[in-house]
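Chemist: One structure coming up, written as structure tokens, with questions to follow.
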């Protein structure tokens, strides 16, 4: 096999492995509670 084909196969295997690694990561975050001041004019409508 030529070096070009071997290099393409290695790059393809690395890319597919990286995709599976990123897909399997746990990225769950807890929601952050934010309090915001609401003017009374907006509530009167």
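Chemist: Any residue at all in the stretch 4-12 that's exposed (fewer than 10 other Cβ atoms within 10 Å of the Cβ) and at pLDDT 80 or above?
Modeler: yes
Chemist: Let me ask something else. Yes or no: residue 37 part of a loop (DSSP other than H, G, I, E, B), on the phi < 0 side of the Ramachandran plot and over 16 Å from the mean Cα position of the chain (by Cα)?
Modeler: Numbers: part of a loop (DSSP other than H, G, I, E, B): yes; on the phi < 0 side of the Ramachandran plot: yes; over 16 Å from the mean Cα position of the chain (by Cα): yes.
Yes, satisfied.
Chemist: List the pairs whose first member sits in the stretch 1-20 and is assigned to a helix (DSSP H, G or I), whose second member is at pLDDT below 95, and whose Cβ atoms are under 9 Å apart, counting only residues at least 6 apart or on separate chains?
Modeler: So the pair list comes out as 9/1.
The values are calculated or read from the model by the stated rules, or taken from the named source; none is laboratory data. Because the structure is a prediction, the values reported are computed rather than measured. FYI the Cβ positions are ideal-geometry reconstructions off the backbone, even for glycines, and counts take in every protein chain you see.
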